[in-house]
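The values are calculated or read from the model by the stated rules, or taken from the named source; none is laboratory data. Everything numeric in this text was worked out from a predicted model, so none of it was measured. Cβ atoms come from the backbone with ideal geometry, glycine included; neighbour counts cover every protein chain shown. To get the accessible areas, we keep the full protein, side chains included, count just its heavy atoms, and leave off ligands, DNA and RNA. Shrake-Rupley method; radii C 1.70, N 1.55, O 1.52, S 1.80 Å.
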Amino acid sequence: MKVLGIDIGGSAFKGAPVDTKTGKLLAERLRVEIAAPCPTAHGLAAAREIARHFNWQGPVGIGFPGIILGDRIDAVGNLGHNWENKDGAALFGRATRGKVRLFNDADAAGLAEMKFGAGKGHQGSVLMLTFGTGIGSALFYRGQLMPNIEFGHIPWKGKPIEHYASAAAKKRHHLSWKKWARCVNVFFEVAERLCSPELIIIGGGVSKQSDKWFKYLKARARIVPAKMHNDAGIVGAALAWEQAAR
Ligand code: BGC
């Protein structure tokens, strides 16, 4: 099946048509820059631009950086509270003129990694983490997703722990890879205490530079970089659309 996958992050909306059978992009992806917090009108315009660029008229799967309950956007991290309590499927449906289904962005990326990437065939407990503006998390057991896990929002020193250990925090505080890895290790310690995964898959832009920081990481679980890197969110949003249709 062909689904337009859109992955929404704190710095850009990225989208491409996806073949859900192979997990491959059918065209080069389009990236539309935004700045977080992002006014609703800007975000909808970015989604519209992506759908128009591909002249898209079919189904649209969206990975959104917040809790998604059915069609409704619940709590939102960095994109802005203005998105909360909205019917996301209806809003993005009007913008893209497609049949839209919404999912948490990390859940979508995790689905793609479990089907085509670093988690393929893994039957135990797997924690997918995406490091970007926030920290996204997706938890799988025997290949099944427990949706809307929000480990990035565990309180740490009075703030969500993603403010301390995300890739954006590395940039904001000008941390070296080694110093930032210490913050990530604190996050791992907390996350492992809560769910004891056997495998941790690390995604987000920084996963492409795993040679620079994975050597400093400490966890009980085996840690591997995502295989699909930046495409995971787009492919996963398309996969999730298809799964939900079954
Ligand atoms: C949001 C999550 C999202 C993560 C990565 C967090 O701020 O609360 O829902 O998965 O950022 O985008």
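Where the only charges are on Cβ atoms (+1 Lys, Arg; -1 Asp, Glu), what is the dipole of region 1-121 about its Cα centre, to the nearest 20 debye?
480
Under the Karplus relation 6.51 cos²θ - 1.76 cosθ + 1.60, θ = phi - 60°, what is the ordered set of whole-Hz ³J(HN,Hα) values for region 172-177, x standing for Gly and Pro?
4, 9, 6, 8, 6, 4
Once you charge only the Cβ atoms, +1 for Lys and Arg and -1 for Asp and Glu, what is the size of the charge dipole of region 121-227 about its Cα centre, to the nearest 20 debye?
Its charge dipole is roughly 480 debye.
Can you give the accessible area of Cys183, probe radius 1.4 Å, in Å² rounded to 10?
Taking all protein chains as shown, Cys183 has close to 10 Å².
Between Leu69 and residues 5 or more places away or on another chain, which pairs have amide H atoms under 5 Å apart, with H built 1.01 Å from N, and which residues are they?
Long-range HN contacts for Leu69: Asp74.
Between Val100, Gly204, Ile149, whose Cα lies farthest towards the positive end of the dipole of the chain when Lys and Arg beta carbons carry +1 and Asp and Glu beta carbons carry -1, centred on the Cα centre?
Most positive-ward Cα: Gly204.
When only C-alpha pairs under 8 Å and at least 6 residues apart count, what is the relative contact order of the chain, in percent?
22
Who wins for biggest fluctuation among Phe103, Phe187, Phe54 in a Gaussian network model of the chain, springs between alpha carbons below 10 Å?
Fluctuation is largest for Phe54.
Evaluate the relative contact order of region 121-227 (contact order divided by residue number), counting alpha-carbon pairs under 8 angstrom at least 6 apart; express in whole percent.
Dividing the mean separation by the residue count of region 121-227 yields 28 percent.
Can you compute 3J(HN,Hα) from phi for each residue in region 135-152, using the Karplus curve 6.51 cos²θ - 1.76 cosθ + 1.60 with θ = phi - 60°, rounded to whole Hz and x for Gly and Pro?
These are the phi-based 3J(HN,Hα) values: 10, x, 9, 9, 10, 10, 9, 6, x, 9, 8, 9, x, 6, 6, 10, 5, x Hz.
Considering only protein heavy atoms and a probe of 1.4 Å, how much of the accessible area of region 121-227 is carbon and sulfur, as a whole percent?
53
Among bridges DSSP assigns within the chain, what percent are antiparallel (round to 5)?
That works out to approximately 60 percent antiparallel.
Antiparallel versus total DSSP beta bridges in region 121-227: what percent is that, nearest 5?
Taking every DSSP beta bridge with both residues in region 121-227, the antiparallel ones total about 55 percent.
Please report, in debye to the nearest 20, how large the charge dipole of region 171-246 is about its Cα centre when each Lys and Arg carries +1 at its beta carbon and each Asp and Glu carries -1 there. Don't jump to the answer; show the numbers that get you there.
Values: 14 positive and 6 negative charges, 97 e Å.
With only Lys, Arg, Asp and Glu charged at Cβ, the dipole is about 460 debye.
Round to the nearest 10 and give me the degree value, 0 to 90, for the angle of helix 40-53's Cα axis relative to the longest principal axis of the chain.
Compared with the principal axis, the helix lies near 70 degrees.
Find the accessible area per residue for region 34-154; the probe is 1.4 Å, ligands and nucleic acids are left out, and the unit is Å². Present the calculation step by step, with values, prior to reporting the outcome.
Values: 5070 Å² over 121 residues.
That works out to 42 Å² for each residue.
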